[in-house]
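Following: one structure in structure tokens, then a few remarks.
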Amino acid sequence: MKITIDALRQKKAKNEKFASVTCYDSTFAQVSDAAGIEVFLVGDSLGMVIQGGNSTLPVTVEDICYHTKAVASQTKNALIMSDMPFMGARTLEAGLDASMKLMQAGAHMIKLEGDASLAPLIKTLKSQGVPVCVHLGLTPQAVHSLSGFKAQAKDKDSAQVLIETAVTLEQAGADIVLVECIPAAVTKELYKAIKAPIIGIGAGPDCDGQILVGYDLLGIPAGPKARFVKNYMREAQDIAGAFTLYRDEVITGKYPAPEHCFK
């Protein structure tokens with residue numbers, strides 16, 4: 001079944017979970033699609049897991065377009081989100097131009113990292129028929145201003161700012177809110193504050209969907225991982241089985257477990 005924004009909203013209304021993974025090429029798109037993964041993110045995380053960098057900042061619009069085309073070539077059912085890369089939306093005109101290129105490359109939705117200042121761009125994109133996901137909490141493009149990759153919204157004031165930002169951007173037209181590395185209790189409050197489906201990564205169980213980097217859930221490369229990562233290759237017989245098991249655990253609520261969450 002083709003996954004649309006309405007399909008995700010219907011899942012939320014029925015209290016049904018959905019799974020999402022990052023996806024960067026046609027082969028993983030085919031495998032993940034066959035496993036029933038509902039949402040693919042062509043993420044600027046490719047700068048780290050594909051290009052070998054130490055951050056997402058060097059990734060360009062052209063990079064995301066290239067990988068979006070590859071993913072779209074073998075995706076039959078999943079909804080494809082593509083990242084707006086670092087400074088891609090530095091002006092309204094630049095954001096619109098980049099969004100056009102990403103949608104023409106095969107994206108079904110644009111993901112934007114940032115804060116309430118994104119509202120004008122979101123409103124304009126919505127007027128042009130472009131669906132939007134906003135990414136809050138730990139936003140990797142702001143790694144330097146956040147002083148590294150670490151949990152966000154850990155105190156009352158910053159948690160309130162995050163929730164208010166989500167409300168503002170939903171009112172501007174955001175269709176999905178993705179939250180990364182925030183306390184599970186904050187996500188629970190966010191769930192009460194907005195109607196849009198919430199996708200979480202390291203954000204606790206009170207999300208409509210969960211997302212992991214595809215390579216992380218396969219346990220590659222070897223080495224330390226973030227606390228929210230689970231290696232599904234330890235239980236699965238093959239890569240296809242790992243993606244299937246991941247989706248099953250998201251849908252049944254087995255993942256994320258308490259050890260994958262921030263307090």
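Here is a check on your reading of the model: is residue 189 farther than 18 Å from residue 14 by Cα, surrounded by 19 or more Cβ atoms within 10 Å (Cβ to Cβ) and among the acidic types (Asp, Glu)?
Numbers: farther than 18 Å from residue 14 by Cα: yes; surrounded by 19 or more Cβ atoms within 10 Å (Cβ to Cβ): no; among the acidic types (Asp, Glu): yes.
In short, no.
Being at pLDDT below 95 and either closer than 23 Å to residue 204 by Cα or touching a Phe, Trp or Tyr at 6+ places or on another chain (Cβ under 9 Å) (or both) narrows it down to one of 57, 41, 79, so name that one.
Numbers: 41 fails: at pLDDT below 95; 79 fails: at pLDDT below 95.
The match here is 57.
Given the criteria surrounded by 14 or more Cβ atoms within 10 Å (Cβ to Cβ) and of a type in the set (A, V, I, L, M), does residue 92 qualify?
Details: surrounded by 14 or more Cβ atoms within 10 Å (Cβ to Cβ): no; of a type in the set (A, V, I, L, M): yes.
Spelling it out, it is not the case that residue 92 is surrounded by 14 or more Cβ atoms within 10 Å (Cβ to Cβ) and of a type in the set (A, V, I, L, M).
What is the residue count in the stretch 230-263 for residues that are in contact with a Leu (Cβ under 8 Å, 6 or more places away or on another chain), buried (at least 18 other Cβ atoms within 10 Å of the Cβ) and in a loop (DSSP other than H, G, I, E, B)? Break it down stepwise before answering.
Filtering the stretch 230-263 for residues in contact with a Leu (Cβ under 8 Å, 6 or more places away or on another chain) gives 230-233, 235-236, 239, 242-243, 246.
Next cut, buried (at least 18 other Cβ atoms within 10 Å of the Cβ) only: 230, 232, 239, 242-243, 246.
Next, from what is left, pick out any that are in a loop (DSSP other than H, G, I, E, B): 230.
The qualifying residues number 1.
Of the numbered conditions (1) surrounded by fewer than 16 Cβ atoms within 10 Å (Cβ to Cβ); (2) under 21 Å from residue 20 (Cα atoms), residue 156 satisfies every one except a single condition; which is it?
If we test residue 156 against (1) surrounded by fewer than 16 Cβ atoms within 10 Å (Cβ to Cβ); (2) under 21 Å from residue 20 (Cα atoms), just (2) comes out false.
Name the one entry in 214, 200 that is at pLDDT 95 or above and either of a type in the set (A, V, I, L, M, F, W, C) or over 27 Å from residue 154 (Cβ atoms) (or both).
Values: 200 fails: either of a type in the set (A, V, I, L, M, F, W, C) or over 27 Å from residue 154 (Cβ atoms) (or both).
Going through 214, 200 in turn, the sole match is 214.
Condition first: touching a helix residue (DSSP H, G or I) at 6+ places or on another chain (Cβ under 7 Å) and not aliphatic (A, V, I, L, M). Now tell me which residues in the stretch 165-194 satisfy that.
Within the stretch 165-194, 165, 168, 173, 175, 189 qualify.
List pairs: first in the stretch 92-108 and in contact (Cβ under 8 Å) with a residue 24 or more places away in the chain and outside any helix (DSSP H, G or I), second among the small types (Gly, Ala, Ser) and crowded, with 22+ Cβ neighbours inside 10 Å, Cβ under 9 Å, 6+ apart or cross-chain?
As it stands, the answer is 106/82; 107/82; 107/99; 108/78; 108/82, since those pairs meet every condition given.
Among the residues of the stretch 13-39, which ones are more than 18 Å from residue 255 (Cβ to Cβ) and either in contact (Cβ under 8 Å) with a residue 40 or more places away in the chain or of a type outside the set (A, V, I, L, M, F, W, C) (or both)?
Of all residues in the stretch 13-39, those more than 18 Å from residue 255 (Cβ to Cβ) come to 13-14, 23-31, 33-34.
Those that are more than 18 Å from residue 255 (Cβ to Cβ) and either in contact (Cβ under 8 Å) with a residue 40 or more places away in the chain or of a type outside the set (A, V, I, L, M, F, W, C) (or both): 14, 23, 24, 25, 26, 27, 28, 29, 30, 31, 33, 34.
Just checking, how many residues over the stretch 28-46 are outside any loop (DSSP other than H, G, I, E, B), surrounded by fewer than 23 Cβ atoms within 10 Å (Cβ to Cβ) and not acidic (Asp, Glu)?
Qualifying residue count, the stretch 28-46: 4.
Please enumerate the residues belonging to the stretch 62-87 that are over 17 Å from the mean Cα position of the chain (by Cα) and among the aliphatic types (A, V, I, L, M).
70, 87, listed by residue number.
Testing residue 249 on (1) over 20 Å from residue 115 (Cβ atoms); (2) under 20 Å from the mean Cα position of the chain (by Cα); (3) in contact (Cβ under 8 Å) with a residue 40 or more places away in the chain, one condition comes back false. Which one is that?
Against the list (1) over 20 Å from residue 115 (Cβ atoms); (2) under 20 Å from the mean Cα position of the chain (by Cα); (3) in contact (Cβ under 8 Å) with a residue 40 or more places away in the chain, residue 249 comes up short only on (3).
The values are calculated or read from the model by the stated rules, or taken from the named source; none is laboratory data. It should be emphasised that the depicted structure is a prediction, and the values quoted were computed from it without experimental measurement. Ideal geometry is used to build each Cβ from the backbone, glycine not excepted, and the neighbour counts take in all protein chains shown.
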